[in-house]
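What follows is a single structure, written as structure tokens, with notes after it.
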Amino acid sequence: MPSLSVIKTMLRELITTERSPRVTEPDLIMDDPDKVAAYTRAGREDGVMAPVYLFHCAQICEVIRPGDTVVDLACGPATQLGMVAKLNPETHFIGVDLSTEMLNRAEAYIAEQGLQNIELKQGSITNLSMFGDASVDAITSTVALHHLPDFAALEQTFAEIARILKPQGGLYLVDFGHLKSEKSIKDFAYQYADRQAELFTLDYLYSLRAAFTLKDFKQLKNKYLAGKAELFSTFLMPYMVVLKSQLRRSPDMDLIDALAEKRHAMPNYHQTDLTDLITFFRLGGLKSCFLDKKG
Ligand SMILES: C[S@@+](CC[C@H](N)C(=O)[O-])C[C@H]1O[C@@H](n2cnc3c(N)ncnc32)[C@H](O)[C@@H]1O
């Protein structure tokens, strides 16, 4: 059951006439060591982002197959990428990011986890010339696109995705959606302020302010990914937006069990957050086949 404050935010978003402007991220490329450390901590097993990472991990598992080459755009410290790669040892992953600090973190994490199926490359997701046309089986990107400076950069990234993805390729892109009211943005950003580092709360606030709108995603999906992916958002209030291809894998019991184990190992408050996310997306049309019995 969503908390009262989330319901209040939802009602505000439904009735407000405010249209908060998009404010570009102060740190487009995340290179500040303290901020990178705070971000990395928030994502690891007991961090505030753990339920979100598990949700996206399960979604990504539905669109990738053993034997695939999967490119993860703006992989950051590879927390999400590492989680997916560990559950899919027969799949090869290439993480791309511009930040040296992030890539160093990612490299250390991959080594610590003993993962052999991840390669890292430094580069911009707006120019994927390191990959040929129709050369990649699947593409993922989690909570990163809002780091692009403007709509033109987002469009370049979509054009590159469409260029390098094989026909019938897998796709899972997720990012925040822009909320209408600054009060709603602040409510979300500070919701878990007592559970996380202040630097992470500020990072989250800047991320929500920098988020593109559902309309932006719809426009680019129609132009570049029509027939390749469907657009979903959380119910009534699109604070998260997903572009996902057709399922490319039938439900795999080993994966489902491994995801369930991770889910049940989380503290109760994280399990509640995960259940809310599953519910908000299910009501928005996005099923979670590998995570939810109702999926
Ligand atoms: C909020 S982090 C997301 C990291 C990761 N995907 C995750 O789920 O935790 C955003 C990442 O985007 C990277 N980034 C920003 N602009 C980029 C660009 N143009 N090309 C590649 N990476 C970029 C930043 O360096 C940072 O690592």
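Laboratory data are not the source of any read-out in this text; all were calculated from the coordinates shown. As the structure is a prediction and not an experimental result, all values here were calculated from the model. Virtual Cβ from ideal backbone geometry, glycine too; neighbours counted across all protein chains shown.
Structure data summary
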item	result
For the chain, size of Cβ-based charge dipole, Lys and Arg +1, Asp and Glu -1, in debye	1140
Burial order of peptide ranges 63-69, 267-273 (average beta-carbon count within 10 Å, highest first)	63-69, 267-273
The range 15-88: translational diffusion in µm²/s, Stokes-Einstein, Kirkwood Rh over Cα pairs, 4 °C, 1.567 mPa s	89
Dipole axis of the chain (+1 Lys, Arg; -1 Asp, Glu on Cβ), positive-most option in Thr9, Gln191, Leu274	Thr9
D_trans [Stokes-Einstein, Kirkwood Rh over alpha-carbon pairs] for the range 1-154, 37 °C, 0.692 mPa s, µm² s⁻¹	193
Share, in percent, of DSSP beta bridges within the chain that are antiparallel, nearest 5	30
Inter-centroid distance (Cα atoms) of the range 1-45 relative to the range 53-69, Å	24
Total formal charge among the other residues, if their Cβ is under 15 angstrom from that of Ala152, Lys/Arg +1 and Asp/Glu -1	-2
Cα-derived Rg to Rh of the range 116-214, Kirkwood definition	1.05
Once exposed loop GluC sites (Glu not before Pro) are cut out (DSSP; at most 15 other Cβ, 10 Å), longest piece of the chain	91-295
At q = 0.13, 0.15 Å⁻¹, base-10 log of I(q)/I(0) for the chain (Debye sum, equal scatterers on each alpha carbon)	-0.88, -1.24
Gap separating the Cα centres of the range 102-122 and the range 165-199, nearest whole Å	24
Unsatisfied cross-links (Cα-Cα over 26 Å) in the set Lys166/Lys287; Lys8/Lys35; Lys166/Lys262; Lys183/Lys244; Lys186/Lys228; Lys35/Lys186	Lys8/Lys35; Lys166/Lys262; Lys183/Lys244; Lys186/Lys228
